[in-house]
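In what follows, a single structure is set out as structure tokens and then discussed.
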Amino acid sequence: DMTQHFIVIGNPIAHSKSPSIHHAFAQQAGLAIRYARQYCPDDAESFRAVVDAFFNGGGIGANVTVPFKQIAYEYCLEDGALSDHARVAGAVNTLAQRDGKLYGDNTDGQGLVNDMQHQGWILKDKTVAIIGAGGAARGTILPLIQAGIKSLTLANRTVSKAETLVKALGEQSATVAHCPIDTCATDALTGHFDIIINATSIGLSGERLPLSEHLTCAHAYDMMYGRELPFLTHFADSGAKTSDGYGMLIGQAALSFALWTGADIDVTAARAQLT
Ligand code: NDP
């Protein structure tokens, strides 16, 4: 049996779209796979047991989602190896085995960058603002800087969290240290940016971000998807191009799939098949 086995580990996990996305990729690549949702109790010991059992049983690759991305990072840091993106993100969304050891990567940020570029958004020499300083924002910073942005402004409700994050990333990565990065409170973010990214979890609560009326952009990206996104409506009203985060979801999945199988996925075709 040539079937390759994959899982996505999360809690909750019942609604994960990853199995259907990866099965679409496998169909496109002509590979026989099984990709399953894997529930795990919310503690590090259980997570490690699930990962060990999966790879010992011949599993090829695992995705990691809420709330285990940091726990997966710790596991790879102690007992395996990490990609640069995972190291700077402080989080792992993709696990594989290399030379019999656990290997952790993070494809979320590059998935976002690829999605923007697929849509024709130019990143080189552009001014970018990210709202949010949690895991999703953190994972996006290095890939954006590697794509050649001119400057970054990191806005967050809790400004100290943004400041701490920028300091930590600057110490970890010479690439990050070379990009000018400002921090401010979300409601103090003003002026014009080429691209503004919503990397907060506010959409889950139905609340709206307190945005300045003096804040404008050419492109607005919301990492959320599958619901009404007032953040995008706000900027679309003044003529900005907008995108939700569904392409980022497909993009990060395609990068994970490529890491595991070597297959180069046409994400546009996969997306058309999925919707
Ligand atoms: P975290 O919990 O790590 O961070 C949440 C961030 O949102 C913090 O910056 C927090 O600010 C801010 N925030 C939360 N509530 C509010 C509020 N009421 N007002 C203002 N700011 C608020 O979450 P993640 O970074 O892991 O995820 C963020 C979002 O990105 C999620 O919605 C997730 O679904 C999405 N995402 C999408 C992906 C995709 O593929 N499309 C991939 C990964 C994530 P503070 O620091 O002040 O608390």
Quick check on segment 17-168: take the gyration tensor over C-alpha atoms, sort the square-rooted eigenvalues as a ≥ b ≥ c, and tell me if it's rounded (a/c under 1.5), prolate or oblate. oblate
Under a Cβ-Cβ cut-off of 15 Å, what is the net charge of the residues other than Ala86 that fall near it, where Lys and Arg count +1 and Asp and Glu count -1? -1
Can you tell me the accessible area per residue over the chain, all protein chains present, probe 1.4 angstrom, in square angstrom? 46
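Within the chain, which is the longest segment containing none of the GluC sites (Glu not before Pro) that sit in a DSSP loop and have at most 13 other Cβ atoms within 10 Å?
1-206
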Only bridges with both residues in the chain count here: give the DSSP antiparallel percent, nearest 5. 20
How far is helix 108-118 tilted, in degrees, relative to the longest principal axis of the Cα atoms in the chain, given as a value from 0 to 90 rounded to the nearest 10? 70
Taking the Cα centre of the chain as origin and charging only Cβ (+1 Lys, Arg; -1 Asp, Glu), how large is the dipole, in debye to the nearest 20? 240
Counting only protein heavy atoms with a 1.4 Å probe and every protein chain in place, the carbon and sulfur fraction of the accessible surface of segment 181-267 in whole percent equals 47
The chain, relative contact order [Cα under 8 Å, separation at least 6], %: 17
Rg (one decimal) and Dmax (whole number) from the Cα set of the chain, in Å, equal 18.5, 60
Kindly provide log₁₀ I(q)/I(0) values, in the same order as q = 0.09, 0.12, 0.16, 0.18 Å⁻¹, from the Debye equation applied to equal alpha-carbon scatterers of segment 109-244. -0.22, -0.41, -0.75, -0.98
At 0.36 nm per residue, and after removing the present C-alpha to C-alpha distance, how many nm does the segment from His118 to Ala14 gain when stretched out fully? 34.5 nm
Can you list the residues, at least 5 places off or on another chain, whose amide H is less than 5 Å from the amide H of Phe193, using H built in the peptide plane? Thr216, Cys217, Ala218
How large is the dipole of segment 109-244 about the Cα centre if only Lys and Arg carry +1 and Asp and Glu carry -1, each at its Cβ, rounded to the nearest 20 debye? 260
Counting only protein heavy atoms and a 1.4 Å probe, tell me what percentage of segment 1-130's accessible area is made up of carbon and sulfur. 48
Classify segment 1-56 as rounded, prolate or oblate, taking a ≥ b ≥ c as the square roots of the eigenvalues of its Cα gyration tensor: rounded when a/c is under 1.5, otherwise prolate if a/b is larger than b/c and oblate if not. oblate
Spatially near lysine pairs across the chain, Cα under 26 Å, sequence gap of 8 or more or different chains: 15
Positive-pole candidate from Ser173, Thr268, Thr94, dipole of the chain, charges at beta carbon: Thr268
For segment 77-164, run through the trypsin sites (Lys or Arg not before Pro) and keep only the ones in DSSP coil with at most 12 other Cβ atoms within 10 Å of their Cβ. Lys124
In whole Å, largest first, what are the principal axis extents of the Cα atoms in segment 204-274? 47, 26, 21
For segment 194-246, which trypsin sites (Lys or Arg not before Pro) pass both filters: DSSP loop (anything but H, G, I, E, B) and at most 14 other C-beta atoms within 10 Å? Arg208, Arg227
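The values are calculated or read from the model by the stated rules, or taken from the named source; none is laboratory data. Just so it is clear, the model here is predicted, and its values are computed rather than measured. Note that we place each Cβ from the backbone using ideal geometry, even for glycine, and neighbour counts take in every protein chain shown. Remember, those area values only see protein heavy atoms, side chains included, never the ligands or the DNA or RNA. Shrake-Rupley method; radii C 1.70, N 1.55, O 1.52, S 1.80 Å.
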